[in-house]
Amino acid sequence: MAHCRPGPRPARPADRPTPARTPVAPGEITPFDRALITRLAHDGRASYQALAGDLGVSLNTAKRRTEHLTRRGLLRFRCDFARPLGGWPVSVTLWARVPPADLPEIGPALMRLPETRNCAAVSGPHNLILQASLHSVSDVLRLETQLASAHPSLDIVDRVITLRQDKLLGRLLDPHGRSVGIVPPDLWAEPAM
């Protein structure tokens, strides 16, 4: 039980953010939270022990802050796979027009489709975006036909078919869809003009 021995604690490197010791406002993201989120962007499967070691804090602090951000909905974990190797090599993004009154019914129905990767109501004349993974290019027509039949008020106004993705969710991908690198998002940087 080396961690229980009395004696001086190792010094914390100056470049590592420290967790907040003072009360934090409910909506505030601390510099430590930012460092934690950035570290998890590199490896969302990192153990609390690894996070603690990398960030220079106790295991309990790493666990507590991760759970706090997760409870607040500021941090979510997502599992993905090499889509081409899993039989889903084609991606399509559909922009649609849906009467606003129909969005509460159509949106959740589209979310339940096995092909759906993302579905969102947005502002503007094309107020619904659907992103789907498909087995082949011919599946695009099948999907559109299925949507038109099930939801007559949904009007697909544009589409983009993607045959290969070089980057997805901050991951650089090889031709088979496997992660070969990372481009972590800098959520706190000012937008480039």
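Brief remarks follow.
- Residue match in the range 126-134 (condition: farther than 28 Å from residue 177 by Cα and surrounded by fewer than 16 Cβ atoms within 10 Å (Cβ to Cβ)): no
- The set of residues from the range 34-61 being more than 18 Å from residue 184 (Cβ to Cβ) and in contact (Cβ under 8 Å) with a residue 24 or more places away in the chain comprises 56, 57, 61.
- Residue that is among the hydrophobic types (A, V, I, L, M, F, W, C) and in contact (Cβ under 8 Å) with a residue 12 or more places away in the chain, where the choices are 94, 141: 94
- Within the range 18-58, being modelled with pLDDT of 95 or more, small (Gly, Ala, Ser), open to solvent by less than 40 Å² (accessible area, probe 1.4 Å) and in a helix (DSSP H, G or I) holds for 50, 52.
- When the range 173-182 is filtered for residues that are outside any loop (DSSP other than H, G, I, E, B) and either touching a Pro at 6+ places or on another chain (Cβ under 8 Å) or surrounded by 14 or more Cβ atoms within 10 Å (Cβ to Cβ) (or both), the ones remaining, listed by number, are 173, 179, 182.
- Residue check, residue 155 of a type in the set (Asp, Glu), surrounded by 12 or more Cβ atoms within 10 Å (Cβ to Cβ) and farther than 30 Å from residue 48 by Cβ: yes
- Count - residues of the range 153-172 that are under 16 Å from residue 88 (Cβ atoms) and either among the polar types (S, T, N, Q) or in a loop (DSSP other than H, G, I, E, B) (or both): 5
- The combined condition, being exposed (fewer than 14 other Cβ atoms within 10 Å of the Cβ), in contact (Cβ under 8 Å) with a residue 60 or more places away in the chain and within 30 Å of residue 31 (Cα to Cα), is not fulfilled by residue 191.
The values are calculated or read from the model by the stated rules, or taken from the named source; none is laboratory data. Note that the structure is predicted; figures quoted are calculated from it, not measured. Positions of Cβ are backbone-derived with ideal geometry, glycine not excepted, and every protein chain shown enters the neighbour counts. In case anyone asks, the SASA skips ligands and DNA or RNA and just uses the protein heavy atoms, side chains included. Shrake-Rupley method; radii C 1.70, N 1.55, O 1.52, S 1.80 Å.
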